[in-house]
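Have a look at the structure below before the remarks.
The values are calculated or read from the model by the stated rules, or taken from the named source; none is laboratory data. No experiment lies behind these values; they were computed from the predicted model shown. When we count neighbours, we look across all protein chains shown, and the Cβ atoms used for this are built from the backbone with ideal geometry, even at glycine. Only protein heavy atoms, including side chains, enter the accessible area calculation; ligands, DNA and RNA are left aside. Shrake-Rupley method; radii C 1.70, N 1.55, O 1.52, S 1.80 Å.
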Amino acid sequence: MFLKKTALVVLIFSAIGTARAETLPVLVPITGFLSLEGTAQRNGAVMAVDMLGKELGLETEVTDTGTSPEGAVTALRRALGGAPSAAVASMLGTQMLAMIPVADRAGMPLLTVSGTAKITELGSGNVFRFFPGDSVVKVAHAKYAVEELGAKRPALLYQTTAYGQSGAAHLKKTLAELGAPLVFEEGIDISVKDMLPALTRMQAAEPDILLLHLHSGSTALVIRQARETGNPLPVVAGSAMHQPTTAALLNPEQLKGVCAESASSPVSEQSGPVADFTAAYRKHFGTEPDAFALAQYDGTAMLIAAKKAGAQSADDVRAWLAGNSYDGLAMTYKSDGKGNMAHDAVVVCYDGASRVPAIAKRYENVDGIR
Amino acid sequence: MTSLALAQILLNGLALGAAYALIALGFVIVINAVGAVNFAQGELVMAGGFLSIALAPFVGDAAGIPGLLLLPLVMALMGLFGIGFAHLAYFPLKNRPPVAVFVSTIAIGLVLQHLANAIFGAAPRAGPPLIAGDGPALGGLTLSLQQLAVLASAAILVSATGLFLGKTQTGRRMRAVAQDPEMAAAIGIRPARMIALSFALALALAGAAGLLLSNQFFVSPNDGGLFMLKAYIAVTIGGWGRLDGAVLGALLIGLFETLVAAFTSYLAAEALLYAMLLAMLAFRPGGLLPERTRSRV
């Protein structure tokens, strides 16, 4: 009798434990060429769960997806075994494109900070993107160059990855609409180390501004080699430039005249909740946060808000994310019906004396979704 | 394109090619010594870069002491690691098919990559500047002191390696073991010692390349594959087993990449490089400087 009672109590408690606890899969590229950004994404998700999800018994399990689509799909399939109600999915566009059909078949929402436009254009109801897509940040990027800096003859260097080509297409379209079409463009492979050939040919086109849409290392290499060879053109770079680790590769004087678009710039905020986030992030990880970390923090915080509001299953979570707005630290998030949750952007600029940029302009509700 | 711009591009191409030459040299030394390809060579270059970043604060990087002072220390430490590398990746497997050594070097390369990721993080890092100060400007041509230091250091190291292997008794013993280990052992040379020394030399050169590249082009844990690929192409173009061929191949790659990219595009340069490699394999498989002695590969 005693044994039966004990077994029943153990069963009840374990059942309660199973119902309350959930492991959130964090499937991100920690190795490979996108590891810097992927690590920031992981950190943001982990920090949100650590700070906001403990009372729900929420935990994270981080899996490195590398940079191959197969790696991402394998990680997602394995994660599905735990029947989670959502997953933090890779910020790498090609990996997301491979993961979406798998998530659709399983009916599981994916929370991502991928910038690749196409991931929300496939008609999946399971994609929730908490980083402004190219239709937001590239509009801000182009507008700042043309309307604020007066560019009329822009040149563009972009990465040949899916990320780079997607952003380049949006930049070209917006610049043409603004009456400042590109006078030079070049795709650069991630492995290219010497940027001087592109810079030299670009000079022949006599541009008045240099736009970059490159990953971190390539961004720093272009700016450094441009400045070392006496190229004084103003630069408006992609979001990789605002990352503190990218700025650390350059001298403050090389950063003079350099601006960058981003969803947010945590290190630029001097007070308020974002500054508190930055301080907590530094304490947690010993590094500076970037916009990817903050966006993924906000995205995971929105998931936690959904669960606190009673969303338990994957269907509940998907419906809640699709139908509610959430005031995050960086901005207010609301789906546009396709899973694009972020609609604001900022442009930050360096003053040539410091590696910490200042926010030069905020672009709110760029695509008209609120 | 102005002649000034062309000169600047040539200088960049030479500096890149010189650093590739150090990588390719280490690659050839191991091939000659044991008849196996060291697929960790790229990760060893990356490790050399991160080692220099880790050591820089201890030798006064903050005080502005040039990174070139680190070069002997990085080479010595990587050389010591080379002896351990030989005992880990080669000696236990020397009587197995060569593929076993390939796999063991790949495994060590991956371990190094993940270790670097865990210790230094994923972000690209800049190594210590080789020389303090800005370079001279000659008629509008900006001579970067870093590039000049890379060129000079690589030239000295390549020459010293050639002299060491060609003119010293130890170098001659290493070459004797590479050509015929049984005969070398018969005349009193200890092949295991010479092979370990070959690994030490190869890793010391990889470490030097890592230090020289890390400031100008940054280094990240995932760079190994790129360096390995360049070394492989350089050796194929130059000629397997030939030290001078490796240097020639590396310089050609550096110049080819930058010049073709300057006149066409990076995509064209990359495609043409691999087309050139295919043509070389088809029409001159021995490379530009075919091996004159019996190959062990």
Inset, instruction - With a 1.4 Å probe on protein heavy atoms only, work out how much accessible surface A and B bury together, total over both chains, in Å² to the nearest 100. - result: 2500
Legend entry - A:K338 - accessible surface, heavy atoms, 1.4 Å probe, Å² rounded to 10: 110
Inset, instruction - Over the residues of the stretch A:29-125, compute the C-alpha Rg and express it relative to 2.2 N^0.38 Å. - result: 1.03
Inset, instruction - First select every other residue whose beta carbon is under 10 angstrom from the beta carbon of B:A262; then total the charges, Lys and Arg +1, Asp and Glu -1. - result: -1
Inset, instruction - With a probe of 1.4 Å, find how much accessible area the protein assembly as shown has per residue, and write the answer as a whole number in Å². - result: 39
Inset, instruction - Mind giving me the FRET efficiency for B:V99 and B:L281? R0 is 30 Å, r the Cβ-Cβ distance, nearest 0.05 is fine. - result: 0.90
Legend entry - Filter on A:K308/A:K338; A:K172/A:K334; A:K152/A:K338 - keep pairs with C-alpha separation over 31 Å: A:K152/A:K338
Legend entry - Estimated vicinal HN-Hα couplings, Hz - the stretch A:222-228 in sequence order (Karplus 6.51, -1.76, 1.60; Gly, Pro = x): 4, 5, 4, 5, 5, 5, 5
Legend entry - Proportion of all alpha-carbon pairs of chain A beyond 35 Å (%): 24
Legend entry - A:A237 long-range amide H proximity, modeled H, under 5 Å: A:L212, A:C259, A:A260, A:E261
Inset, instruction - Report, to the nearest 10°, how far helix A:273-285 tilts away from the longest principal axis of the Cα atoms in chain A, using its own Cα long axis and a range of 0 to 90°. - result: 80
Legend entry - Cα-centred dipole magnitude for the protein assembly as shown, charges only on beta-carbon of K, R (+1) and D, E (-1), debye, nearest 20: 1860
Inset, instruction - Treating the Cα atoms of the stretch A:76-150 as identical point scatterers in vacuum, please give the log10 of the normalised Debye intensity I(q)/I(0) at q = 0.13, 0.22 Å⁻¹, two decimals. - result: -0.43, -0.90
Inset, instruction - Summarise the partner chain shielding of A:38-46 as one whole number: the mean count of Cβ atoms from other chains within 10 Å of each residue's Cβ. - result: 1
Legend entry - Pairs of Cα atoms farther than 24 Å apart, the stretch A:222-370, %: 41
Legend entry - Beta bridges by DSSP in chain A, antiparallel share as percent, to the nearest 5: 30
Legend entry - Volume per residue that the Cα convex hull of the stretch B:74-217 spans, once the total is divided by residue count, Å³: 146
Inset, instruction - Starting from 0 in steps of 5 Å, tell me what percent of the Cα-Cα pairs of the stretch A:107-199 lands in each bin. - result: 3, 13, 20, 19, 17, 14, 8, 4, 2, 0
Legend entry - Heavy-atom accessible area order for A:H343, B:H87, largest first, 1.4 Å probe: B:H87, A:H343
Legend entry - D_trans [Stokes-Einstein, Kirkwood Rh over alpha-carbon pairs] for the stretch B:75-133, 4 °C, 1.567 mPa s, µm² s⁻¹: 94
Legend entry - D_trans [Stokes-Einstein, Kirkwood Rh over alpha-carbon pairs] for the stretch B:1-136, 37 °C, 0.692 mPa s, µm² s⁻¹: 193
Legend entry - Phi to ³J(HN,Hα) by Karplus 6.51 cos²θ - 1.76 cosθ + 1.60 over the stretch A:36-46, Hz, x for Gly, Pro: 4, 5, x, 5, 4, 4, 4, 4, x, 5, 4
Legend entry - Convex hull volume per residue in cubic angstrom - Cα atoms of the stretch B:145-199: 71
Inset, instruction - Of the options B:A5, A:V267, B:L25, report the single residue whose Cα projects farthest towards the positive end of the charge dipole of the protein assembly as shown (beta-carbon charges: Lys, Arg +1; Asp, Glu -1). - result: B:L25
Inset, instruction - For chain B, set up a Gaussian network in which alpha carbons nearer than 10 Å are linked by springs, and say which option among B:L151, B:L201, B:L278 fluctuates the most. - result: B:L278
Inset, instruction - Please work out, to two decimal places, the log10 of the ratio I(q)/I(0) at q = 0.17 Å⁻¹ from a Debye calculation in which every Cα of the stretch B:3-82 carries one identical scatterer. - result: -0.83
Legend entry - chain B: Cα Rg divided by the 2.2 N^0.38 Å rule of thumb: 0.99
Inset, instruction - Among the chymotrypsin sites (Phe, Trp or Tyr not before Pro) in the stretch A:151-190, which ones are in a DSSP loop with at most 10 other Cβ atoms within 10 Å of the Cβ? Mind listing them? - result: none
Inset, instruction - Would you calculate a helix-derived [θ] at 222 nm for chain B, using -39,500 (n - 2.57) for each DSSP H run of n ≥ 4 and dividing by the full residue count, to the nearest 500? - result: -23500 deg cm²/dmol
Legend entry - Percent of Cα pairs exceeding the 15 Å cut-off, where the set is the stretch A:160-239: 56
Legend entry - Inter-chain shielding of B:212-223 (mean C-beta neighbours from other protein chains, 10 Å cut-off): 4
Legend entry - Residues of type aspartates and glutamates that A:K256 reaches as a straight line, Cα spacing below 14 Å, ignoring anything fewer than 8 places off in the same chain: A:E228, A:D351
Legend entry - Base-10 log of normalised Debye intensity for the protein assembly as shown (one unit scatterer per alpha-carbon) at q = 0.06, 0.08, 0.11 Å⁻¹: -0.37, -0.65, -1.10
Legend entry - Quarter of the Cα convex hull surface for the stretch B:196-297, i.e. its orientation-mean projected area (nm²): 7.7
Legend entry - A:A205 paired with A:R78, simple spin-label distance in nm, labels 7 Å along Cα-to-beta-carbon: 4.3
Legend entry - Per-residue ³J(HN,Hα) for the stretch B:239-251, Karplus 6.51 cos²θ - 1.76 cosθ + 1.60, θ = phi - 60°, Hz, x for Gly and Pro: x, 4, x, 9, 5, 5, x, 4, 5, 4, x, 5, 5
Inset, instruction - From other protein chains only, count the Cβ atoms within 10 Å of every residue's Cβ in B:116-124, then give the mean. - result: 6
Inset, instruction - Collect residues whose amide H, placed 1.01 Å from N in the peptide plane, falls under 5 Å from the amide H of A:E22; neighbours closer than 5 in sequence don't count. - result: A:L58, A:E59
Inset, instruction - Determine the percent antiparallel among the DSSP beta bridges restricted to the protein assembly as shown, to the nearest 5. - result: 35
Legend entry - the stretch A:225-312: mean projected area of Cα convex hull, nm²: 7.3
